[in-house]
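A quick write-up on the structure given underneath.
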Amino acid sequence: MTPFIVKIAQDEIPQDVLQQAGAILRGGGVLLHPTETVYGLAARWDREDALHRIARIKQRPPNQPLTLMVARVEAILQLSGWEDGRLRRFLQAAFPAPLTVLLPRKRTLPILYWNQFPLLGFRLPAHRPSLQLVQAAGQPLVTTSANLSGQAPPKALPEVPDSLKDQVDLVLDGGPCLLQVPSTIIQIDPQRWSYQLVRRGALAAEEINRFFEQG
């Protein structure tokens, strides 16, 4: 199947394209799109069929966690089940940013897929087109790099394998990603108010320390 590719600006998705993308996501489809870091696959977090489809597209087991992409801090607190003042202040200070925050899942979620994971990962990107997609979908999205399992994340659309492009419902071509480095990943323990660096990435550790100390 030849993928349907639409070119977009790096800073905004046109309204007609956004409406089309939103309809696909609400219908359980999968998009390939740029973020500020690397190209990713997106689907609504509450469509288990789409989540399993992403696993098949990437050729990875379905029990490997996906990251949740949100447009506001409140969604992180709601989905994770945490209501903690220090955590809220940290998230509000640190986001939006090329950062992934891992939090212990404190509640049972209505989508069974997520209850297999003790940790949930969250992104609130500093990238308007990504936030537009979340808003158009009407729900948080999953996001994962648009590469086959074990391969390098693509920094531009030509780096995405054709076999992967052919399996999605819409490809948004925003040119080379701005940062071209995956997000920094940290894991937070809200009870002990500590964190550990899981992966170095686009956001400097010094910035994270500064935001964390403010909490």
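What follows draws every value from the coordinates through simple rules; no lab data is involved. Remember, it's a predicted structure, so these values are computed and weren't measured experimentally. Note that we place each Cβ from the backbone using ideal geometry, even for glycine, and neighbour counts take in every protein chain shown.
Dipole size in debye (nearest 20) for region 1-112 around its Cα centre, Lys and Arg Cβ +1, Asp and Glu Cβ -1?
Here region 1-112 has a charge dipole of around 420 debye.
Taking only the alpha carbons of region 73-136, what extent do you get along each of the three principal axes, in Å, biggest first?
The Cα atoms of region 73-136 stretch 30, 28, 16 Å along the principal axes, largest first.
Using only Cα atoms, find the angle between the long axis of helix 128-137 and the longest principal axis of the chain, and express it within 0 to 90 degrees, rounded to the nearest 10.
Computed tilt is about 80 degrees.
With charges set only on the Cβ (+1 for Lys and Arg, -1 for Asp and Glu), what does the dipole of the chain come to about its Cα centre, in debye to the nearest 20?
520
May I ask which residue of Ile185, Phe95, Gln10 lies farthest towards the positive end of the charge dipole of the chain, with charges of +1 (Lys, Arg) and -1 (Asp, Glu) on Cβ and the Cα centre as origin?
Of the candidates, Ile185 comes out farthest on the positive side.
Based on Cα coordinates alone, diagonalise the gyration tensor for region 5-214, multiply each eigenvalue by 5, take square roots, and list the semi-axes in whole Å, largest first.
Square roots of five times the eigenvalues give 26, 19, 16 Å.
Need one number: nm distance between label points at Ala93 and Ile111, each 7 Å from Cα along Cα→Cβ, rounded to one decimal.
Output for this residue pair reads 3.0 nm.
Over the chain, what is the mean sequence separation of C-alpha contacts under 8 Å (at least six apart), divided by residue count, expressed as relative contact order in percent?
It rounds to 34 percent for the chain.
If you count the DSSP beta bridges with both ends in region 22-138, what percent of them are antiparallel, to the nearest 5?
75
Just to confirm the number: angle between the C-alpha axis of helix 205-214 and the first principal axis of the chain, 0 to 90 degrees, nearest 10?
It works out to around 50 degrees.
So which GluC sites (Glu not before Pro) in region 30-131 end up in coil per DSSP with only 14 or fewer other C-beta atoms within 10 Å?
Passing both the DSSP loop test and the Cβ count: Glu83.
Could you tell me, in Å, what Rg and Dmax come out for the Cα atoms of region 99-150?
12.8, 31
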